Amino acid sequence: MLYFDHSATTPIDQGVQSLMSELNLTIYGNPSSTYDLGRKAKHVIEIARRQFADSINCEPNEVIFTGGGSEANNMILWNMIHKKRKHVITSSIEHPAVLLVLKELEKLGVKHTIVSVDKNGCVNLEDIKNNIISDTGLISIMMANNEVGTIEPIKDIANIAKEHDILFHSDAIQMLGKLPVDVKKLNVDMMSFSAHKFYGPKGVGALFIKNGITIKPMIIGGSQEKNMRAGTENVSGIAGLGLAAEIANKSANEDFSHLLKLENHFRNRIIEKNDDIIFNGFNKNHLPGLINLTIPNISSDLLLIHLDKEGIAISNGSACSSGTISPSPVLKAMGISDKKNLESIRVSAGKHNTIDEVNKLVESIQSSIITIRKNSS
């Protein structure tokens, strides 16, 4: 299969898979146990904590391991019920693991304001400033959007939050494996990550919480993760996350150049064949290798079916909303009409894709377009 849906998930790195398989067979002790196997398991976790901390430039004790990016987001947002200031500012293109949680929190007295985005999916800094009230206790804006790849001005938003003594959280789940992340330079308080977005295992994530900031646990029952997340740790999964983060950090520049090369080649080839195609989002300030485009009068659902039959995987939005044919809320928030919304697809390349594969993708998209138009005429 030609796989071009890396924003949904990435194939696990072979070295990561080998490490996890070995650990599952040899280091099976409970990390909370005091005997040798338990201590070895605990040591594996702490190695991973250091690896991940180094990859985002923070201290190991600022990293909490979670069951994924959605859980990391939830931990921050549900903590608002314990805060004195119960107002949250977020954006209209956040992941459902932010927007749906905030909707639930309304029932518990936590209010929120959703700021709009422009046609490129970028928030306006003045909108954030203008919506700050005396009860605002958190600003949560994703670093890069999962559907169009737009990178938000996170450092500027963090500075606004600091000026008003407000905590700032960012969903950075799409970043690692595509661009480097430095939490100190960004000046964020909290940041969410998910291993399966950077060639690690599914079902494991990480949450950066700056030293000095305290939150209450969502899962209670044990003292794991500094009393922040009860339950016996997923040792091999955490180790896989740590190694995947280390690999992503070391190859960041190389991967960026490769993804950008694939992206530019795709854009040039597809425009040669269809000069009416519309690209959604920023041309430059976005994740490399992620292209969201509208093909006028071609239903994205039909196109995906044709490509799937040819063994090619792309998407028409976030994988978390797959199986639906409703317009993407992200594209809708960017002012894209429902018709064009339902004619939009997302192509997200990965580090193992090649120029030849991009050529095959373009040819398959073109042949599918011709077939769809022929059948509809």
Could you tell me how many of the residues in region 27-38 are exposed (fewer than 13 other Cβ atoms within 10 Å of the Cβ) and either in contact with a helix residue (DSSP H, G or I) (Cβ under 6 Å, 6 or more places away or on another chain) or not in a loop (DSSP other than H, G, I, E, B) (or both)? 1
Is it the case, given these coordinates, that Gly222 is at pLDDT 95 or above, surrounded by fewer than 15 Cβ atoms within 10 Å (Cβ to Cβ), among the small types (Gly, Ala, Ser) and closer than 30 Å to Ile81 by Cα? no
Matching residues in region 106-138 - criterion: being within 28 Å of Ile336 (Cα to Cα), surrounded by fewer than 14 Cβ atoms within 10 Å (Cβ to Cβ) and without any contact (Cβ under 8 Å) to a residue 24 or more places away in the chain: Glu126, Asn130
Does region 25-68 hold any residues that are of a type in the set (Phe, Trp, Tyr) and farther than 12 Å from Glu225 by Cβ, and which are they? Tyr28, Tyr35, Phe52
Number of the exception - Leu241 against (1) hydrophobic (A, V, I, L, M, F, W, C); (2) in contact with a Pro (Cβ under 9 Å, 6 or more places away or on another chain); (3) surrounded by fewer than 19 Cβ atoms within 10 Å (Cβ to Cβ): (3)
Being surrounded by fewer than 23 Cβ atoms within 10 Å (Cβ to Cβ), in a loop (DSSP other than H, G, I, E, B) and modelled with pLDDT of 95 or more is the filter here; which residues of region 180-200 pass it? Asp182, Asn187, Asp189
Any residue that is among the small types (Gly, Ala, Ser), surrounded by fewer than 15 Cβ atoms within 10 Å (Cβ to Cβ) and not assigned by TED's automatic domain parsing to the domain that holds Leu179 - is there at least one of those in region 346-356? no
Condition first: touching a residue at least 60 places away in the same chain (Cβ under 8 Å) and surrounded by fewer than 24 Cβ atoms within 10 Å (Cβ to Cβ). Now tell me which residues in region 48-62 satisfy that. Arg49, Arg50, Gln51, Asp54, Asn57, Cys58, Glu59, Asn61, Glu62
Tell me which residues, restricted to region 319-345, are modelled with pLDDT under 95, surrounded by fewer than 13 Cβ atoms within 10 Å (Cβ to Cβ) and of a type in the set (Ser, Thr, Tyr). Ser322, Thr324, Ser326
Please give the number of the condition Asn73 fails out of (1) under 30 Å from Val101 (Cα atoms); (2) surrounded by fewer than 19 Cβ atoms within 10 Å (Cβ to Cβ). (2)
Quick one: which residue in Arg267, Arg229 is among the charged types (D, E, K, R), assigned by TED's automatic domain parsing to the domain that holds Asp182 and over 19 Å from the mean Cα position of the chain (by Cα)? Arg229
Applying the selection to region 302-311, what residues are free of Cβ contacts under 8 Å to residues at least 60 places away in the same chain and either surrounded by fewer than 12 Cβ atoms within 10 Å (Cβ to Cβ) or touching an Asp or Glu at 6+ places or on another chain (Cβ under 7 Å) (or both)? Lys309
What number of residues in region 327-375 are assigned to a helix (DSSP H, G or I) and over 22 Å from the mean Cα position of the chain (by Cα)? 24
For Gly317, the lone unmet condition from (1) in a loop (DSSP other than H, G, I, E, B); (2) closer than 19 Å to Asp276 by Cβ is (2)
Quick one: is Gly177 of a type outside the set (Lys, Arg), at pLDDT below 95 and either in a helix (DSSP H, G or I) or surrounded by 21 or more Cβ atoms within 10 Å (Cβ to Cβ) (or both)? yes
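The values are calculated or read from the model by the stated rules, or taken from the named source; none is laboratory data. What you are looking at is a predicted structure, and each value in this text was computed from that prediction instead of being measured. Note that we place each Cβ from the backbone using ideal geometry, even for glycine, and neighbour counts take in every protein chain shown.
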